[in-house]
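Enquirer: Take a look at the following structure, please.
Laboratory data are not the source of any read-out in this text; all were calculated from the coordinates shown. Note that the coordinates shown come from a computational prediction; the quantities given were computed from them, not determined experimentally. Glycine gets a Cβ as well: all are built from the backbone with ideal geometry, and neighbour counts include every protein chain shown.
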Amino acid sequence: MKNMAPPENDTALLQEALDLSSDAVTLYACVRNGEGHVVDFQIVAMNRLAEQLHGIRLADCRLASVSSLHPDIIDSQVWQRALSVAERRRPYKTTLHHTFPLSNRSGWFRQSIKPWGDGIAIAYHDLTDLIHKKQQVKYRELLFQSIMDNTVNGVVGLEAVRDASGEVVDLRYSFINQTALRDTFRTLPVELHDITGKLITDFFPSIRESAAWKVYMNVVNEQRSQRMEHHYNLDGYDAWIDMTVSPLGDGLLISYLETTDEKHMVQQTLEHARLLETILNTSPMGMALFRAERDEQGKILDLRFVMTNMTNARFAGLPPDAMIGRLNLEIFPGAAETGMQANLIKTVETGEPMRFLLNYDADGIDVWAETITLPYDDGVLLLYLDVTELQNERRHLEQMNNELRKSNDNLQQFAYVASHDMQEPLRKIRAFGDLLVSNHAASLNEEGLDLVRRMQTSAARMQTLVHDLLAYSRLTTHRRAFETVDLDKLLRQVLFDLQEVIQQEDAHVEAQPLPPVKGDANQLHQLLFNLISNALKFHAPGSRPVVSVGGQVVKAQDVPGHDSLKSRRQFVRIDVQDNGIGFDPIYQERIFQLFQRLNGRSQYAGTGIGLAICKKIVDNHNGLIQTSSQPGEGATFTVYLPM
């Protein structure tokens, strides 16, 4: 193999020249085979930087083959590049990250391989610190850009544009982030590259006349940051921003946060607060919020006003603001003797709400208050409504009820008298009349007998009237608890009671099953009895009475009129229909009044009370009774009773 090395007399001069280099330089002689191809290299010279970098001294490796020092290098890219430069005689330069095995030094280097005589020169320039600095700068740039692109704040950099005299006449965009770009050019399809380098007046020609421009100029000229709240309307978009303007070189940095939503929220909160204050101060209900005042042992000594409304303040004769922070007993000392203070403290201590009726008769106040106390943190919320008028009306109502009870008692006594004392003389009149007819008929002429018969008829009619009046009065004075009544069974009992009348009139009665209902069995018996007996009674002479009784369950919406009844879900409907003489529809309300008769006594017997009793019974059951009729076409009575 052939090699090449410099003459000995040139070595010192070469070494001196190499040591002056700022690169780590090593000179290699080519080792060629018989065909003249480079197969290895010998170290001819290296400077001190190369010795440090490779981790070997020149004295220990001069003229040594590289492959013997680094057997693994033959497979490396550096070896292949060195062979290529040695063979082709073309220099090669690159930047790479490399680790030197003997020194174990690692870093970024600019590698330069050049032909040198028949050999090559390899130089390494350490770029590690420079690349690290560039990476840090790049990282900072990426971090800055990431912050710029992802922050919710709008960020804008502006550079001052000055005239010949040094006066700032415009501002030039140096950078802007996406948030500011979107906010500033809301309707324009602009990109970052369309903005950077352009003047602010290109987009906002009148900005020099704005308050914001004055702030910008103050910051540029005085080099002091300013913070401001700015309100603007851009293309119909109403916005609020919180802006900080800071000096940046010969320009400024604008950082802002749009606070439109927060501003609207604050405005809404203020509006709600004003609305709440209006509601509180116009409410007829007195309101006050107290905080407990305690001693060192935690015992509640008094309650301090935190809030009060106008209604409560009127009783104190003070404006609400003058009461805040003062003690309750200081303003209302009578709260202790009326029990109000005790109830307020009890609510704080137990944490349980209270509701009570209180007569506050102290401090020049005399009111009845429907009161609620609610625990609130270490305090209590007081709510009350002045019900003095209602209480006075309640007292008046109680007085009227007492008088009504006395009246009912008197009515019961009257009923008792009517039942016993009044009927007794009537029975005697009828008995004496019977004796006159049976024992003294021979001594009486026809006119005398007629007078006796008239007397007995009047007495009988009077007895019936007293009996009916007694029955009507008992509907008011004798009320019993409702229970489930089998109307079908009750109907059979009524028909049995009327069997004699049915036979006498040769009547035909059709009875369908009736549903059960809640009510008073005795009153409902009277109701059916009166309705059916009326249907049997009022028929044309010579005609056979036909009566139909039926019932069904109906929904509330099927009950005609009377919306007050619709709170019930279902009703029992009872229909009593006849083929009798009927009546004019104009009397369909009048016939349910006391002593109302549409026919003479000579035609049809009765007192005019029967249907009034029916109406009273239905009213007692919270129901409805109606009738429909035409003269000569019979009548139908319909009763609705809630289930």
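Enquirer: Report the full-extension gain for the segment Met285 to Arg453: residue separation times 0.36 nm, less the Cα-Cα distance, to one decimal in nm.
Expert: Roughly 53.1 nm would be gained on extension.
Enquirer: In debye to the nearest 20, how big a dipole does the range 279-398 give about its Cα centre with +1 on each Lys and Arg Cβ and -1 on each Asp and Glu Cβ?
Expert: Dipole of the range 279-398, to the nearest 20 debye: 180 debye.
Enquirer: So if I place +1 on the C-beta of Lys and Arg and -1 on the C-beta of Asp and Glu, and nothing else carries charge, what would the dipole magnitude of the chain be about its Cα centre? I want it in debye, nearest 20.
Expert: So the magnitude is around 1260 debye.
Enquirer: Right, something else. Give me the angle, in degrees from 0 to 90, between the Cα long axis of helix 8-19 and the longest principal axis of the Cα atoms of the chain, rounded to the nearest 10.
Expert: 30
Enquirer: Given only helices, namely DSSP H runs of n ≥ 4 each adding -39500 (n - 2.57), what is the per-residue ellipticity at 222 nm of the chain, to the nearest 500 deg cm²/dmol?
Expert: -13000 deg cm²/dmol
Enquirer: What net charge do the residues around Glu87 carry, taking every other residue with its C-beta under 12 Å from that of Glu87, with Lys and Arg at +1 and Asp and Glu at -1?
Expert: Its environment carries a net charge of +3.
Enquirer: When you have a sec, figure out the Kirkwood radius of the range 234-325 from all distinct Cα pair distances and drop it here in Å to one decimal?
Expert: Value: 17.7 Å, from the Cα pair sum.
Enquirer: Can I ask one more? Just to confirm a number: summing +1 for Lys and Arg and -1 for Asp and Glu over residues other than Ala507 whose beta-carbon lies under 13 angstrom from that of Ala507, what do you get?
Expert: The answer is -3.
Enquirer: To continue, here is another question. So, by mean Cβ neighbours within 10 angstrom, what's the order for 393-405, 546-558 with the highest one leading?
Expert: Listed from highest to lowest mean packing, they are 546-558, 393-405.
Enquirer: Less than 12 Å Cβ to Cβ from Gly107, Lys/Arg counted +1 and Asp/Glu -1: what total charge do the surrounding residues give?
Expert: Surrounding charge for Gly107 is 0.
Enquirer: With contacts defined as alpha carbon pairs under 8 Å and 6 or more residues apart, what's the relative contact order of the range 43-168 in percent?
Expert: Dividing the mean separation by the residue count of the range 43-168 yields 16 percent.
Enquirer: Based on the Cβ-Cβ distance from Glu349 to Phe496, what FRET efficiency comes out when R0 is 60 Å, to the nearest 0.05?
Expert: Rounded to the nearest 0.05, the efficiency is 0.30.
Enquirer: Computed from the coordinates I sent, Cα extents along the principal axes in Å equals one of (i) 101, 61, 61; (ii) 82, 62, 46; (iii) 198, 73, 62. Tell me the label.
Expert: From the options (i) 101, 61, 61; (ii) 82, 62, 46; (iii) 198, 73, 62, the structure gives (iii).
Enquirer: Which distance in nm do the two modelled labels at Thr196 and Glu633 give, with both placed 7 Å along the Cα-to-Cβ direction?
Expert: Each label point is offset 7 Å from its Cα along the Cβ direction, giving 9.9 nm.
Enquirer: Something else now. Under 15 Å from the 7 Å Cα→Cβ point of Glu389, by amide nitrogen: which residues of the range 266-309?
Expert: 284-285
Enquirer: If you don't mind, another one. For the range 44-110, divide the Cα radius of gyration by the Kirkwood radius and give the resulting Rg/Rh value with two decimals.
Expert: 0.95
Enquirer: Straight-line reach from Lys114: which lysines have a Cα under 18 Å away, not including same-chain ones fewer than 8 places off?
Expert: Excluding near neighbours in sequence, the set is Lys93.
Enquirer: Name the lysines eligible as straight-distance cross-link partners of Lys518: C-alpha to C-alpha under 20 Å, and not fewer than 8 places from it in the same chain.
Expert: Lys489, Lys555, Lys566, Lys615, Lys616
Enquirer: Order the peptides 16-24, 77-85 from the highest to the lowest mean number of other Cβ atoms within 10 Å of their residues.
Expert: 77-85, 16-24
Enquirer: Before anything else, pin down the relative contact order of the chain: Cα pairs under 8 Å, at least 6 apart, normalised by residue count, whole percent.
Expert: RCO, the chain: 5 percent.
Enquirer: Give the calculated FRET efficiency between Ser225 and Gln77 to the nearest 0.05, with a Förster radius of 56 Å applied to their Cβ-Cβ distance.
Expert: FRET efficiency, Ser225 to Gln77: 0.55.
Enquirer: Sticking with this one: Taking 7 Å along the Cα-to-C-beta vector as the label spot, tell me the Ala556-Arg162 distance in nanometres, rounded to one decimal.
Expert: Here the answer is 8.7 nm between the modelled labels.
Enquirer: Another question, if that's okay. Hey, could you pull the Cα Rg and Dmax for the range 191-293, both in Å?
Expert: Both quantities, over Cα of the range 191-293: 21.8, 67 Å.
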